[in-house]
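Okay, so here's the structure we're looking at.
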Amino acid sequence: MGLFKEKMSLYWRRVQHFVRRLTNLSADTDVETTVNSIKKDIDFKGANVWILFFAIIVASIGLNMNSTAVIIGAMLISPLMGPINGIGLSIGINDSDLLKKSIKNLLVMVVISLVASTAYFLISPLSDAQSELLARTTPTIFDVMIAFFGGAAGIVASSRKEGKFTIIAGVAIATALMPPLCTAGYGLATGQFNYFLGAFYLFFINSFFIALSTFVMVRYMRFPRRKYVDAQREKMVKRTITVFSIIVIVPSVFMAWGMVAETRFNSQAIRYVHDIQQEDIFDEIEIINVKRNYSSKEKEISLSLVGKTLEQRQIERLQNRLVEYGLNNTKLTIKQTTGTLDIDAQANVLSKLLDRKDELLQEKDLIITGLNKELDELTLSGVDHLQLAREIAVEYPNVKRFSISRHSVYTDVATNQLDTIPTLFVEWINPKDTIRERKLNDWLKVRLGIDELKIIEIQ
């Protein structure tokens, strides 16, 4: 027993050594260069001001035109990451002067970005919110995870002696600092403050957790840090970071849960509407409009129908089916049109009926095609059976009726092997003549261009 414990202990030490060697970052870390590089990126003046302004305009245009490629380009040229990394580094190495400088420059960058994006959307002729813009108005816990792990990848790549530009560029794209600021500017320009608050919260989340991941990785890689004169102050800083992280995360968790729940509701509602349309009660009824409403207070599916009026028992049946799709506590509202429809409604109904007719015709065409295919498989394709009947009547007048099957399956009982052989089923006027049957067999093989043919007499 003691020998076994000793071997397990040795094995465990080897595993620990392997894991430490595998995850070691200190070997290739260039601390001095990394710190100097981040400090340099914190500076915000001259060229960086113009680059930020141009990048904001480009990102705003990309959001306005719903162009993902343009938005990605703007994120790559943005200098916003510098001060954010500076905040994480300064806390990690206990440099209060660097922290003040980083926060100051980040605030200036944010103000310039909001002014530039708001100005653009005020003069832009395109005022509708596109999907790329709307995607930045509801931050979730997933954005927290992207910002944290993306920021961690960025600081690790920056700390290498040979920096990986592709990784740093990828982090700039993944963490998406520019689009939320532009969306916030759109919210200000259009007076939609819910957009402004949602987008700015997303920017804040991204910035905070990029800085937090930088702080964590700086501590993990053991960058040299200044010592606090007061140890109590260091504890207070750590406690503040922890509490602040929790406060920032909690709203995003609730938003993520709401987003998942809404997506599930919409998916199940679509399935529900599709399935009930297959029921008999909708043979003389058309669903001309479907509305789905999801909110924390009420979930509702609204159906607008035209055609035969549903009876109360049929409505109750549809309501009871909601439970089958996990749509508990969902209100089903049915609006039935009984009077004369207006022109638009008539056109809508007619269009749906024509679409239904086209679907039925396509289904029938598929059935006919399938039956023709089965018929081809049962008969010899390319053979004019009427012409063949005329030739057989001249050559073999003793044949009364015949049928040719292309694939007749024969099973050898002794070997259990299957074989498919073209087969002629024939009925004779007078008792068959074996010699004439053999000649008929040989003649048909030549006539039909087949190597083997089996003749079976039918009564």
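The values are calculated or read from the model by the stated rules, or taken from the named source; none is laboratory data. From a predicted model like this one, the values you see are computed outputs, not experimental measurements. Here Cβ is always computed from backbone atoms with ideal geometry, including for glycine, and neighbour counts include all displayed protein chains.
Here are the numbers for the structure shown:
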quantity	calculated
Hey, T33 under 30 Å from R219 (Cα atoms) and not charged (D, E, K, R) or not	yes
So S267, is it exposed (fewer than 14 other Cβ atoms within 10 Å of the Cβ), among the small types (G, A, S), modelled with pLDDT of 80 or more and more than 30 Å from S78 (Cα to Cα)	yes
Which listed residue is modelled with pLDDT under 85, hydrophobic (A, V, I, L, M, F, W, C) and farther than 23 Å from I42 by Cβ, from L197, L188	L197
Qualifying residue in the stretch 60-73 (condition: loosely packed, with under 15 Cβ neighbours inside 10 Å, over 34 Å from the mean Cα position of the chain (by Cα) and not basic (K, R))	no
Failed item in (1) on the phi > 0 side of the Ramachandran plot; (2) modelled with pLDDT under 65, with K352 passing the rest	(1)
Residue count for the stretch 311-337, restricted to those that are in a loop (DSSP other than H, G, I, E, B) and touching a Phe, Trp or Tyr at 6+ places or on another chain (Cβ under 9 Å)	2
Residue ranges of helices (runs of 4 or more DSSP H) in the stretch 38-123 with at least 3 members within 20 Å of F215 (Cβ to Cβ) and not charged (D, E, K, R)	81-92, 96-123
Conditions (1) in a helix (DSSP H, G or I); (2) modelled with pLDDT of 70 or more: number failed by V253	(2)
In the stretch 325-338, residue nearest to the chain's Cα centre (by Cα) [restricted to those that are without any contact (Cβ under 8 Å) to a residue 40 or more places away in the chain and under 14 Å from I276 (Cα atoms)]	L332
Matching residues in the stretch 41-57 - criterion: being at negative phi and without any contact (Cβ under 8 Å) to a residue 24 or more places away in the chain	K45, A47, W50, F54
